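**Q** Below you'll find the structure I mean.
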Amino acid sequence: MKTLMIRTAIAAAVALATTLATGAAMAQSKPDIRISTGRQGGAYYNMAALVADALYRSGKVNSATAESSSGGPENMRLLSKGTVQIGATDMVWSTKARAGAKPFKRKHDIMTVAPLGVWPLFFVTPADSSIKTVADLRGKRVAVGARGSGMENHTRNIFAAMGMSFDDIKPIYLSFGPGARAVKDGKADAQFQCCAPNPALTELSELSKVRAVGLGSMKSKIMAVPVYGETTLKAGAFKGHDHDIPAIADVNGWYADKSLSSDIAYLYAKTIIENYKTFAKKMPQFATVAQVLDDAKKRGIKALEIGAPLHPGAIRAYKEAGILK
């Protein structure tokens, strides 16, 4: 009897150990996905948080987290280091990263995984300001974004297209929230903005009367930059903005290093395809993903290659969804 009890206990222990080992193996087989974004509270960060939650709820990942960074350029470097699996940026920085152009010191072999959206870039200024068009920013205090951020680099690109540089303005290196507060408090004459509506711009327009700065005679020069295009800053984008105006189009995407497993790229692209409409209820910026997907149905894979080739794993997701043939 005693021998039987010992054998039974041993069998139970072996069964438990097998169950635990199997569970551990299953947990290890599920990936951990780290998504590099931008400053906390910014569009990249908040959008990635929604994607990470959907990935985790799917049960197909061990963990998924949105992580803050200084923005697009840093995200490309983190992808190459293998520190993160997915990084957010736009076509400006994905193109430069692959070419190894400034501010990058070497080429980064990144690939597109999914569209993040098409957003307007624009400047805002107090409603009673003398600044009417972007040419009037010369000599003014301009909140250009955090130092080293994608927004700062965008501002440099735009001023260069206009035949200007930061020497022609008084740059203030502040991210979205602090930059908006600087405008409200009279410490900045204008702020470079994007992806309206966003919390910082919404708060600014609720507390102060502000308006968008027109492109004026500089429009054709800015639109001549290959990575930009024309879009519309629609009426209602923020309080007091009551009519559509032309704005600079910035195409954004989710990217990965070429070495990322096809399974992870597939899962991430599939999550965007299946959930972007739901995400848009909380983050309206997701709504413009539809533009890119509709374009892909007409033009094919080129519409999804946002400054970088489409990852093979992602291609599978778009074919399954009927977006690519």
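**Q** Please list, in order along region 130-145, the HN-Hα scalar couplings obtained from phi with the Karplus expression 6.51 cos²θ - 1.76 cosθ + 1.60 (θ = phi - 60°), rounded to whole Hz, x for Gly and Pro.
**A** 7, 7, 9, 10, 4, 5, 6, 6, 4, x, 9, 7, 10, 6, 9, x
**Q** Let me ask another. Using θ = phi - 60° and the Karplus relation 6.51 cos²θ - 1.76 cosθ + 1.60, list the HN-Hα couplings for region 197-202 in order, rounded to whole Hz, with x at every Gly or Pro.
**A** x, 9, x, 5, 5, 4
**Q** A further question follows. For a quick check: with amide H placed at 1.01 Å from N, whose amide H comes under 5 Å from Ile169's, ignoring anything fewer than 5 positions away on the same chain?
**A** Amide H neighbours of Ile169: Gly139.
**Q** Next up: Between Ser259 and Ser130, how many nm apart are label points set 7 Å from Cα along the C-beta direction?
**A** In this crude label model, Ser259 to Ser130 measures out at 5.6 nm.
**Q** Rounded to the nearest 0.05, what FRET efficiency do Lys221 and Ser29 give with R0 = 51 Å and r taken as the Cβ-Cβ distance? Could you check?
**A** 0.45
**Q** Specify which residue in the list Leu233, Ala196, Val213 is farthest towards the positive end of the charge dipole of region 119-250, using unit charges on the beta carbon of Lys, Arg (+1) and Asp, Glu (-1), about the Cα centre.
**A** Toward the positive end, the furthest listed residue is Val213.
**Q** May I ask you to compute the full-extension gain from Lys105 to Asp295, defined as 0.36 nm times their residue separation minus their alpha-carbon distance, rounded to one decimal in nm?
**A** Length difference between fully extended and current span is 65.1 nm.
**Q** Using modelled backbone amide H atoms (1.01 Å from N, in-plane), which distant-in-sequence or interchain residues come within less than 5 Å of Ala143's amide H?
**A** Distant-sequence amide H within range of Ala143: Ile172, Asp189, Ala190, Gln191, Phe192.
**Q** Ser68 versus Asp53, label points 7 Å from Cα toward the beta carbon: distance in nm?
**A** 1.9
**Q** Cα centroids of region 50-101 and region 132-188: how far apart, whole angstrom?
**A** First find each Cα centre; the distance between them is then 26 Å.
**Q** I'd like the Karplus ³J(HN,Hα) series for region 86-98: coefficients 6.51, -1.76, 1.60, θ = phi - 60°, whole numbers in Hz, and an x wherever there's a Gly or Pro.
**A** Calculated HN-Hα couplings, in order: 10, x, 9, 6, 10, 5, 4, 7, 5, 5, 5, 4, 5 Hz.
Read-outs throughout are calculated quantities, based only on the coordinates presented, and are distinct from any laboratory measurement. Please read all numbers here as calculations on a predicted model, not as lab measurements. Virtual Cβ from ideal backbone geometry, glycine too; neighbours counted across all protein chains shown.
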